[in-house]
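Reading through the structure tokens given below for one structure.
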Amino acid sequence: MARLRVEKLQEAIKQEISKILLHDIKDPRIKFVTVTGVELTDDISQAKVYVSLYGSDKQQEEAWQGLNKAVGYMRTEIAKRIRLRFAPVLIFTKDTSMEYSAHIEELLRKIKQEETPHE
């Protein structure tokens, strides 16, 4: 029963952070940021928020700084919107799964090219 509640909260937090980033945060550095997942601890004290950052390396670094600056505001908003007595500490983590996926795709493409007989 408790695990189901944690999973529902994870999804709710993911949706709310996405809404906050889209509509409420006015920081111009935070562009092209996507929330890809949230992992809550069983006691709901910490939430690891996975984000994908897009753009150049400079834009990604600026977005990362903007996210970490807005973490307090987002934590307060989550507590209000989801009506939690204690809001979890938000820990942002860069989600590199898209980059990894692109890298694997590139490797597979190269292998396929090498296997194709050249006539």
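The values are calculated or read from the model by the stated rules, or taken from the named source; none is laboratory data. Everything numeric in this text was worked out from a predicted model, so none of it was measured. We place every Cβ from the backbone using ideal geometry, glycine too, and count neighbours over all the protein chains shown. Note: accessible area is taken over every heavy atom of the protein model, side chains too, but ligands, DNA and RNA are not part of it. Shrake-Rupley method; radii C 1.70, N 1.55, O 1.52, S 1.80 Å.
Below is a table of values for the structure above.
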quantity: Simple label model, 7 Å out from Cα along Cβ direction - Arg75 to Lys31, nm; calculated: 2.9 nm
quantity: Cα→Cβ-extended label distance, 7 Å offset, between Ile111 and Asp43, nm; calculated: 4.4 nm
quantity: Packing-based ranking, highest mean first, of 59-66, 95-102 given that Cβ atoms within 10 Å are counted; calculated: 59-66, 95-102
quantity: 16 Å Cα-Cα reach of Lys19 towards aspartates and glutamates, excluding residues that sit fewer than 8 places from it in its own chain; calculated: Glu11, Asp27, Glu77
quantity: Over the chain: helical MRE at 222 nm, DSSP H runs n ≥ 4 each giving -39500 (n - 2.57), nearest 500; calculated: -17000 deg cm²/dmol
quantity: Charge tally in the Cβ shell below 12 Å around Thr34, where Lys, Arg are +1 and Asp, Glu are -1, Thr34 excluded; calculated: +2
quantity: Accessible carbon and sulfur surface of the chain relative to its total accessible area, %, 1.4 Å; calculated: 54 percent
quantity: Computed FRET value (nearest 0.05) for Tyr100 with Lys58, which takes r as the C-beta separation and R₀ as 25 Å; calculated: 0.70
quantity: Gaussian network model of the chain, Cα within-10 Å springs - most flexible of Leu22, Leu84, Leu40; calculated: Leu84
quantity: Dipole axis of the chain (+1 Lys, Arg; -1 Asp, Glu on Cβ), positive-most option in Tyr73, Val33, Ser97; calculated: Tyr73
quantity: Lysine pair count for the range 33-119 [Cα-Cα under 27 Å; pairs on different chains or 8 or more apart]; calculated: 9
quantity: Charge sum, other residues only, whose C-beta stays under 14 Å from Ile13's C-beta, Lys/Arg counted +1 and Asp/Glu -1; calculated: +4
quantity: Estimated vicinal HN-Hα couplings, Hz - the range 3-18 in sequence order (Karplus 6.51, -1.76, 1.60; Gly, Pro = x); calculated: 5, 4, 5, 4, 5, 5, 5, 4, 5, 5, 5, 4, 5, 5, 5, 4
quantity: Simple Cβ-charge dipole of the chain, Lys/Arg +1 and Asp/Glu -1, about Cα centre, in debye nearest 20; calculated: 860 debye
quantity: Sequence-distant residues sharing a close amide H with Gly37 (under 5 Å, placed H); calculated: Tyr50
